[in-house]
1. If one takes the longest principal axis of the Cα atoms in chain A, at what angle in degrees, from 0 to 90 and to the nearest 10, does the Cα axis of helix A:32-44 lie?
2. Which entries in A:Lys57/B:Lys219; B:Lys45/B:Lys89; B:Lys132/B:Lys178; A:Lys76/B:Lys43 show an alpha-carbon gap greater than 18 Å?
3. Find how many whole Å separate the alpha carbon centroid of segment B:177-229 from the alpha carbon centroid of segment B:39-56.
4. Hey, rough spin-label estimate for A:Asp69 and B:Lys91, points 7 angstrom out along Cα→Cβ, what's it come to in nanometres?
5. Please give the net charge around A:Ile59, taking every other residue with its beta carbon less than 11 angstrom from that of A:Ile59, where Lys and Arg add +1 and Asp and Glu add -1.
6. Under 17 Å Cα to Cα from B:Lys206, which aspartates and glutamates show up? Leave out anything in the same chain fewer than 8 places away.
Amino acid sequence: MAKRSIVGRADSAICREIADLLLDYMTGELDPETVAAFQEHLRLCPDCVAFLNTYKKTIQTTRSLRFEDIPAEMEKRVRRFLRERTQKDHLGR
Amino acid sequence: MTVDPRGRERRQRTPQGAKGLPQPKAPTRQPDAEERLLVERVKAKDQRAFETLYRRYCSRVYRHAMALVGIAAEAEEVVQEVFLTLYEKAKTFRGEAAFSTWLYRLTVNAALTRLRRRKRSREVSYEDYLPKYEPDGHHLGPEGSVVDWSQDVDKLLASKELHRILRQALDQLRPVDKAVVMLSDLEGVPNREIGKALGLSVPAVKIRLHRARLFLRGKLAVSFGHSPY
């Protein structure tokens, strides 16, 4: 994995870079040195900690959305429709 | 106590939880070989094989469609279109990708067609809700400007109001970005499969996903009375 520019700069104002790396950090795609720099910056920057927590919470909230299964009547209606269309196609051959 | 990059002493905030979040359950798959066999039979216009695939996947297609288009009548049209396309174009499925990936692609394409027909006024500029920074690279505003409202969400996670706000925000995303978020965060589809379903490279999926999440984060922050930045 390529080195990222935050290595050696954890105590600097790298908040924008930290935000840019959030996705890769959460999926484990950063190299160990960059992870160490990332975590060191979190230790020093409460704003970035707040940002990370709220980013994670956003994802968790999306995951909590629920969508219904296909209603039984709709399932039958679509099946009838498909049967008519495909049998028409089949008979037409 | 620690010393922050601005030289001030600060009590430590704790990053919430472990590095990652528990992943949503990946879509359960029937054995791939069986699916391929069913598709081969559909290519030969076998009605029973087609109905088997419909029974197995109609609910999943419907849920994905509802997640994208949000209107039951349109989601029903998507289901019809997806399975008709499956029947008529089964020959185009060459088995290089998983059947479920192909199904995602059909579903997303059908849903995106409908989303793109809608008035563009629903979409808002992302920039108003993306994080902002000082010239020196810190988050915008004085130290402590970024409010950790994540605990407030926990109390409301099951609430209809929170979900209403989030669904409204999702509707304001560009259609492709909405599809990326729903496939990734709601369905747990890996980025590579999302890319195949949407005709995007993996880096493009990641960029869209990240910016969409930042936008949603900003919208949720505002709903709690905080700055989106």
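1. For A:32-44 against chain A, the angle is about 70 degrees.
2. B:Lys132/B:Lys178; A:Lys76/B:Lys43
3. 34
4. Modelled inter-label distance: 3.6 nm.
5. Here the charged neighbours net out to +4.
6. Partners within reach: A:Glu17, A:Asp20, A:Asp24, A:Glu29, B:Asp177, B:Asp185, B:Glu187, B:Glu193.
Coordinate-derived values only; no laboratory data. Because the structure is predicted, anything quoted here is derived from the model rather than measured. Note that we place each Cβ from the backbone using ideal geometry, even for glycine, and neighbour counts take in every protein chain shown.
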